[in-house]
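Colleague: Submitted below is the structure of interest, expressed as structure tokens.
The values are calculated or read from the model by the stated rules, or taken from the named source; none is laboratory data. Fair warning: this is a prediction, and the values are worked out from it, not measured in the lab. Using ideal geometry, Cβ is built from the backbone for each residue, glycine included, and neighbour counts are taken over all protein chains shown.
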Amino acid sequence: MELSKNYIPASAEDKWYQYWMDKQYFRSVPDERPPFTIVIPPPNVTGVLHMGHTLNETVQDILVRHARMSGFNACWVPGSDHASIATESKVVNMLKDEKGIEKSQLSREEFLKYAYEWKDKYGGIIYHQIKKLGCSVDWDRVSFTMDDHYYKAVIRVFVDLYDKGLIYRGARMINWDPKAKTALSDEEVEYKELNGKLYHVKYAIVNGDGKPTGEFITIATQRPETIMGDTAICVNPEDERYAHLNGHFAVVPLVNRKVPIIYDTYVDKEFGTGALKVTPAHDINDYNLGLKHHLEIVDTLNDDGTLSAAAEVFVGEDRFRARKKVVAALQEQGLMVKEEEYATRLGYSQRNPDTVVEPRISTQWFVKMADMAQPALDAVVNGDVKIHPGDRFLATYKYWMENVKDWCISRQLWWGQQIPAWYDDNGQFVVAETHDAALKLYASKFGKEAVKLKQDEDCLDTWFSSWLWPVEVFNGISDPDNKDINYYYPTSVLVTGQDIIFFWVARMIMAGLEYKQVKPFSDVYFTGMVRDKLGRKMSKQLGNSPDLLELIEKYGADAVRFGIMISSPAGNDLLFDDTSCEQGRFFNNKMWNALKLVKMWKPVENTGAPVPTFAVEWMENRLNEVHAEVEKLFKDFRLSEALKAIYSLIWDDFCSWYLEWIKPGFEQPIDAGVYEKTIGFFERLVQLLHPFMPFITEELYHLLRERKAGDDVVIRQFAKPAATNNTILTEGALAKEVISSIRDARNKNQFKPKDEIGLYIETHHGNAFKRIENIIAKQVNANVVAYTKEAIPGAIALVIGKDKFYLVTEREVDPAAQKEQLLKDLEYQQGFLKSVENKLSNERFVANAKPEVVEAERKKQSDCIAKIQAIEESLKTL
């Protein structure tokens, strides 16, 4: 067939993906092979793949494809998360904008009907993108956190933990999202450093009888809109300025509430005025002070962030609008002393990034975390679960687990698993999986039949379902001893982002140990943050995250995968822009052109021309060397380095060197044995590259030769790389260095390609050049290669390594130019030697570096000294 000028991704991608699907290559069922299992971190059901997802899914596909080609039964489970807050927000907005319906006008059942319609309409978008990217997931195993079996599993776990005393219900200070009107866990609050204002406000002092003393106490607050909820003023008992106020009261501005002056060492005498207003309903520290000193709690905020009736003034006003009005009123009454700029941290809702979180007293459901956290901490510290890169993230994991807090799991939403608590009219409740089970339990617990039980209106935190993901995608909770869970669990690797190390990673380990008594995965690979070329995190808000499908349409899926992987060392942030995809496209075309070149050659037995035996042996050894290196890099999860090694092997060693070394003359045949070896090398190269760039490799594999049914690179098994011959590899490296240096000298001296030279070598390496003479002669257009023990007068002199080379030509050679070039080389080598010697003279480097690193530096030193001597000798002969 006639090949196109360049590789056309669009013609290959849909074709091969459908072919793999038809062959069921991605489908996995338990068999006699060892399993390699990955569960996809479930993206939000209504989301799209951003560049962080693209990196994550690409890494997973590389690992899965490599395992599939290495004898494992690879199973990659896809799925999505119902994302309670994010999805409910989208549905609420859709109902309001498109149908003019408020959520409050609907019953729970009616709202959920619209939510499922939304999910069905938009939920498939992300799966389409996963397919376009080439991800080899098992589409027969798609899971969703609201699937019937999954829903039941979440409820079962809730009931079980409640029965074990690990779940409780109580009034606590929690984080409140006024936009979503729901509680948040501590981990769902993201703090930002901001410049705010500190307002200094005067409170009138009255004595125990309520009579004014004419004195004022000044407090400093960032939130004057909460003044109406003040129930005390607190000062340090060691602060002499306020000792005389013992037994006195302060009058809260605007509402004229008399509140006590209390004393507690919690107050910092040096901060602000040393006096603290205490608002137990709106600050966690104030709440704890209130409990300690038995203070009244006055909640001045509604669930939507407006001032409640308890505020008495500005009722119904938004909290930030109310702040301005409170400040104006205080100024008008002469109670505002001053305002000053103040650097502060403010908590925002992770799910509604523009919404400031409010601390609020609320009755919620909580999980006791301390007892569950310890085994999960031990599993990572003792290496049962390995984190990559561990040096960065192990400390973060330990910090979270050693400082764990109880987890608020109830959400004031409808989209999610409804809490299985059942209440009578008096507020008494039981926890059970079903209504019928609740009725029986109620009768047993309270000794009477329930007239009516009503289920808790709240649903569970999304993470309370996703922490069961590695278990329940195989029905491990709903059907604990089934064939799949026993075969695929524990899974092999978790690939995820560093930002959910506690949200998800730690909690999955807790759940796995609690319900399967074994870790959920053996390794955790943390990808870095994808940033634009200016170093900014890619986000929708900044508009700097490219559209994945547009990138694939422009460059092809393989080029996009290449672009994001070539610059993504494990755990480190990566700078991404389109130029890396462009590099991937160039790589595609480089391989395509190599295919076209090879397919032009006509193999013939006994061509009569010299057979390039050394080139074949060298390429075979390079392939084995890089294959072994890549296998080690895979074990260490250094996938970017593995791709770079393969890229260099294909672009440089195979295309730029090997094919040139074996290429026959114009319209001349190639030796059939060499041709067959070359096709075999090409096959091994595309096999090695396949996990990273699946589409072009399958295309090339099938164009290299006719294939039998089932002979596809996607399932071609890796052979164990053979041992390498280091002598051949050294000779090959020498050939490349000599050819490059002589070509460079030819260019500097303005030789034309057809200009022949005589090449004379002065060496102390015996027969080092014998096996590569023909290759060198062909590549530098030398009509003779000979050896000499002395300088050749009138020749162009080069020093390569420790050897000298003389290029003899009919052209006149300028000795001054020769000397100038040698002096430049000498200056460079002297500078390099100095840098190496500085390093070796550093005692800390020699003491702390690995022995092989120190030895490598010493070899550089000795080689450099020998080269300097050779250059100096050449200068003497000019």
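Colleague: Considering only the range 264-279, I want to know if a residue exists there that is in the same structural domain as T344 (by TED's automatic domain parsing) and in contact with a Pro (Cβ under 6 Å, 6 or more places away or on another chain).
Modeller: no
Colleague: For the subset of the range 709-726 comprising residues that are surrounded by fewer than 12 Cβ atoms within 10 Å (Cβ to Cβ) and within 24 Å of F614 (Cβ to Cβ), which member is nearest to the chain's Cα centre (by Cα)?
Modeller: The selected residue is A719.
Colleague: While we're on this one: Out of the residues in the range 543-575 meeting the condition of being under 18 Å from the mean Cα position of the chain (by Cα) and part of a helix (DSSP H, G or I), tell me which one is farthest from P691 (Cα to Cα).
Modeller: Among residues in the range 543-575 that are under 18 Å from the mean Cα position of the chain (by Cα) and part of a helix (DSSP H, G or I), the one farthest from P691 (Cα to Cα) is L548.
Colleague: Look at Y242 and say whether it is within 47 Å of the chain's Cα centre (by Cα), closer than 24 Å to D264 by Cα and not in a loop (DSSP other than H, G, I, E, B).
Modeller: It is false that Y242 is within 47 Å of the chain's Cα centre (by Cα), closer than 24 Å to D264 by Cα and not in a loop (DSSP other than H, G, I, E, B).
Colleague: Working only within the range 126-171, note down all residues that are within 19 Å of A115 (Cα to Cα) and part of a loop (DSSP other than H, G, I, E, B).
Modeller: Residues satisfying the conditions are T145, M146, D147.
Colleague: Let me ask another. Mind checking which residues of the range 250-271 are under 21 Å from A329 (Cβ atoms), out of contact with any helix residue (DSSP H, G or I) (no Cβ under 9 Å at 6 or more places or on another chain) and not in a strand (DSSP E or B)?
Modeller: N256, the sole residue that qualifies.
Colleague: On to the next question. Collect the residues in the range 221-266 that are small (G, A, S) and surrounded by fewer than 21 Cβ atoms within 10 Å (Cβ to Cβ), keeping them in residue-number order.
Modeller: If the condition is that a residue be small (G, A, S) and surrounded by fewer than 21 Cβ atoms within 10 Å (Cβ to Cβ), then A243, G247 are the ones that fit.
Colleague: Being among the acidic types (D, E), in contact (Cβ under 8 Å) with a residue 60 or more places away in the chain and touching a His at 6+ places or on another chain (Cβ under 8 Å), is that true of even one residue in the range 365-376?
Modeller: No - not one qualifying residue is present in the range 365-376.
Colleague: So which of K113, K15 is within 31 Å of the chain's Cα centre (by Cα) and loosely packed, with under 14 Cβ neighbours inside 10 Å?
Modeller: After applying the criteria, what remains is K15.
Colleague: Let me confirm something: among A343, A310, A322, which residue is within 45 Å of the chain's Cα centre (by Cα), under 16 Å from D230 (Cβ atoms) and not in a loop (DSSP other than H, G, I, E, B)?
Modeller: Selected residue: A322, the only one of A343, A310, A322 that is within 45 Å of the chain's Cα centre (by Cα), under 16 Å from D230 (Cβ atoms) and not in a loop (DSSP other than H, G, I, E, B).
Colleague: Quick one: would you say E676 is in contact with a helix residue (DSSP H, G or I) (Cβ under 6 Å, 6 or more places away or on another chain), touching a residue at least 12 places away in the same chain (Cβ under 8 Å) and part of a helix (DSSP H, G or I)?
Modeller: no
Colleague: Starting from the range 91-118, take each residue that is under 14 Å from W414 (Cβ atoms) and list its partners that are of a type outside the set (A, V, I, L, M, F, W, C) and not in a helix (DSSP H, G or I), counting only C-beta distances under 9 angstrom and pairs at least six apart or across chains.
Modeller: That search, which allows pairs on different chains as well, returns V91/T46; V92/E102; L95/E102; R108/Q418; R108/E457; A115/H82; W118/T46.
Colleague: Which of (1) assigned to a loop (DSSP other than H, G, I, E, B); (2) under 30 Å from the mean Cα position of the chain (by Cα); (3) not basic (K, R) is the odd one out, the single condition H627 does not satisfy?
Modeller: (1) is the only condition that H627 fails.
Colleague: I'd like to verify a number: residues in the range 173-188 that are surrounded by 17 or more Cβ atoms within 10 Å (Cβ to Cβ) and either of a type in the set (S, T, Y) or within 25 Å of A511 (Cα to Cα) (or both), how many?
Modeller: Adding up the residues that qualify gives 8.
Colleague: Here is a follow-up. On the given criteria, is A86 farther than 24 Å from I409 by Cβ and in a helix (DSSP H, G or I)?
Modeller: Taking the combined requirement at face value, the residue does not satisfy it.
Colleague: Can you list the strands (runs of 3 or more DSSP E) found entirely within the range 175-223 that contain at least 3 residues being assigned by TED's automatic domain parsing to the domain that holds H282 and at pLDDT 90 or above?
Modeller: 189-206, 212-221
Colleague: Hey, any hits in the range 822-838 for a residue that's at pLDDT below 85 and in contact with a strand residue (DSSP E or B) (Cβ under 8 Å, 6 or more places away or on another chain)?
Modeller: Looking through the range 822-838, at least one residue is at pLDDT below 85 and in contact with a strand residue (DSSP E or B) (Cβ under 8 Å, 6 or more places away or on another chain).
Colleague: Restricting the search to the range 126-143, which residues are among the hydrophobic types (A, V, I, L, M, F, W, C) and buried (at least 18 other Cβ atoms within 10 Å of the Cβ)?
Modeller: Those that are among the hydrophobic types (A, V, I, L, M, F, W, C) and buried (at least 18 other Cβ atoms within 10 Å of the Cβ): I126, I130, L133, C135, V137.
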